[in-house]
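The values are calculated or read from the model by the stated rules, or taken from the named source; none is laboratory data. None of the values given here were measured: they were computed from a predicted structure. Glycine gets a Cβ as well: all are built from the backbone with ideal geometry, and neighbour counts include every protein chain shown. We work out accessible area using only protein heavy atoms, side chains counted, and drop any ligands, DNA or RNA first. Shrake-Rupley method; radii C 1.70, N 1.55, O 1.52, S 1.80 Å.
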Amino acid sequence: MDVLVIEGGRRLEGAVAIAGAKNAALPQIAAALLSDAPVRLAGLPRVADVETMLRLVESYGLVVEHAGPHEAVLDPAAARNGEAPYDSVRRMRASVLVLGPLLARFGEARVSLPGGCAIGARPVDLHLKALAALGAEVGIEAGVIVAEAPAGGLVGGRIVLASPSVGATETAMMAATRARGETEILNAARDPEVQDLAACLVAMGATIEGAGTHRIRIAGPTTWRAARHEIVPDRIEAGTYAIAAAITGGRLELSGAHLEHLAVVGEVLESAGVRLFPTDRGLMVDGTGPLRGVDVTTEPYPGFPTDLQAQYMALASVAEGAALVRETVFENRFMHVPELSRLGADIRLEGTSALVRGGRKLKGAPVMATDLRASVCLVIAGLAAQGETVVSRVYHLDRGYEELDRKLVRCGAAIRRETRA
Ligand code: UD1
């Protein structure tokens, strides 16, 4: 199994190219199942989750042709229905995103229920309610979601989401492109990845308005056409490198990153003493000044993303003063806390809040990754720690970060990947 060995204490300097967003790529690959014409996706990040999603849509007859390292053409001409197996959904919860497209296209869909997930219960009830609002009969049989459209196919309707779930908004939007008549999604997620899915669907021929606001309207059904779409840069990857630069007291230019997509993250980092300014190529992060702890509450976009909470906690551990970090999106998303403590962080957990007492000098130690964002938080802490940090279970990292170790090495970090028994 691969481990990362990090020699801490080096400043990051230079430039990092930000990849296309994994969380935008996954629904767009699923969306290709809706179309009658090929979809060319550019800016696909080379990460394990994208590979898994490509394999999944291939199992439904889509032909995936790679056109360079970051581009693929997905041809749905021979698409066929089938069941999304438990193994795939268990490995990657986003597999559930094929449910809406399969139902809309074939009139029925069977997808295994995602199992319990390491970062909380993560139910799919909102996805199912959204599909029911479009006329589908939805039930669960022996651990499998079974959805069936009415005889004439899905019909447009009004979907009110009880909370602005990213995945449920995407499921609803995709299914509605093949429904007859107008669909309105209220309390929709406003994330850049939702907007990017809408842009991709529009390029494919769909009529969608309001993506990026709480109210999205889709006029179906769609006349599909061949499309090319460039995936939006990954704001979580950008935020991760911004924090990595800051924790080492370094300066990094994040090419392709958009300050406005970072939303509250930009403000939090600036309050913490990090300077951020747009450049011709993207975003400059200057972390050479003193750092201080700032309280953070995770919230749906444009609030502080839960996907940057673990990384921020590493930063707060070395910044001056205390920071209260509240997690409101997922329960049980503090699994990185005991591992950060092994590196010398002082964090007290109380329910969904963590009090981080900063000003710590971190010291290298062996630590274990538990999920994608937790694993990168340990790498970030390792960059600031004195001596050697060994992060095991880095396969979590490879699910969502393209060449993290190589990108960091190019900016001056001392990291090597080793295969250990
Ligand atoms: C997406 C992201 C993930 C990110 C999360 C929150 C992808 C592939 N993944 O996940 O990286 O951490 O958004 O920004 O885009 N919920 C329900 N019922 C549902 C659906 C969700 O109760 O049917 C709850 C979840 O348990 C969670 C909250 O809603 O507490 C937010 O989840 P959601 O926005 O759906 O996250 P995902 O789309 O799964």
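Of the residues making up region 174-205, those that are of a type in the set (A, V, I, L, M, F, W, C), assigned to a helix (DSSP H, G or I) and open to solvent by less than 20 Å² (accessible area, probe 1.4 Å) number 8. With respect to Ala84, is the statement that it is within 16 Å of the ligand (Cβ to nearest atom), of a type in the set (A, V, I, L, M), in the same structural domain as Asp49 (by TED's automatic domain parsing) and touching a residue at least 24 places away in the same chain (Cβ under 8 Å) true? So Ala84 fits the description; yes.
Just to be sure I understand, how many residues within region 219-240 are in a strand (DSSP E or B) and either under 18 Å from the mean Cα position of the chain (by Cα) or buried (at least 24 other Cβ atoms within 10 Å of the Cβ) (or both)?
The number of residues fulfilling the criteria is 2.
Please work out if Gly152 is of a type in the set (Gly, Ala, Ser), open to solvent by 10 Å² or more (accessible area, probe 1.4 Å), in a loop (DSSP other than H, G, I, E, B) and out of contact with any Cys (no Cβ under 6 Å at 6 or more places or on another chain). In short, yes. The set of residues in region 10-31 being within 16 Å of the ligand (Cβ to nearest atom) and open to solvent by less than 40 Å² (accessible area, probe 1.4 Å) consists of Ala19, Gly20, Ala21, Lys22, Ala24, Ala25, Leu26, Pro27, Gln28, Ile29, Ala30, Ala31.
Restricting attention to region 307-332, the residues that are open to solvent by less than 20 Å² (accessible area, probe 1.4 Å) and touching a helix residue (DSSP H, G or I) at 6+ places or on another chain (Cβ under 8 Å) total 12.
The sole residue among Gly152, Gly157, Gly139, Gly143 that is away from the ligand (no atom under 12 Å from the Cβ), out of contact with any Gly (no Cβ under 6 Å at 6 or more places or on another chain), small (Gly, Ala, Ser) and on the phi > 0 side of the Ramachandran plot is Gly143. Residue under question is Ala211, and the condition is that it be of a type in the set (A, V, I, L, M), surrounded by 20 or more Cβ atoms within 10 Å (Cβ to Cβ) and closer than 20 Å to Ala30 by Cα; does it hold? Yes: the conditions hold for Ala211. So, Ile243, is that one at pLDDT 95 or above, within 16 Å of the ligand (Cβ to nearest atom) and buried (at least 18 other Cβ atoms within 10 Å of the Cβ) or not? Taking the combined requirement at face value, the residue does not satisfy it. Residues that are part of a loop (DSSP other than H, G, I, E, B) and hydrophobic (A, V, I, L, M, F, W, C) were ranked within region 357-387; the one that is surrounded by the fewest Cβ atoms within 10 Å (Cβ to Cβ) is Ala365.
Could you grab me the full set of residues in region 395-411 that are surrounded by fewer than 24 Cβ atoms within 10 Å (Cβ to Cβ) and at pLDDT below 95? Tyr395, His396, Asp398, Arg399, listed by residue number. All told, Gly282 falls short of being closer than 25 Å to Asp371 by Cβ, of a type outside the set (Phe, Trp, Tyr) and either within 16 Å of the ligand (Cβ to nearest atom) or not assigned by TED's automatic domain parsing to the domain that holds Ser163 (or both). So is Leu113 in the same structural domain as Pro27 (by TED's automatic domain parsing) and either within 20 Å of Asn187 (Cβ to Cβ) or open to solvent by less than 10 Å² (accessible area, probe 1.4 Å) (or both) or not? In short, no. One residue stands out among those in region 34-58 that are more than 16 Å from the ligand (Cβ to nearest atom) and of a type in the set (A, V, I, L, M, F, W, C): the one that is surrounded by the most Cβ atoms within 10 Å (Cβ to Cβ), which is Val39. Just a yes or no: is a residue in region 121-132 within 16 Å of the ligand (Cβ to nearest atom), part of a loop (DSSP other than H, G, I, E, B) and at pLDDT 90 or above? Yes, some residue in region 121-132 is within 16 Å of the ligand (Cβ to nearest atom), part of a loop (DSSP other than H, G, I, E, B) and at pLDDT 90 or above.
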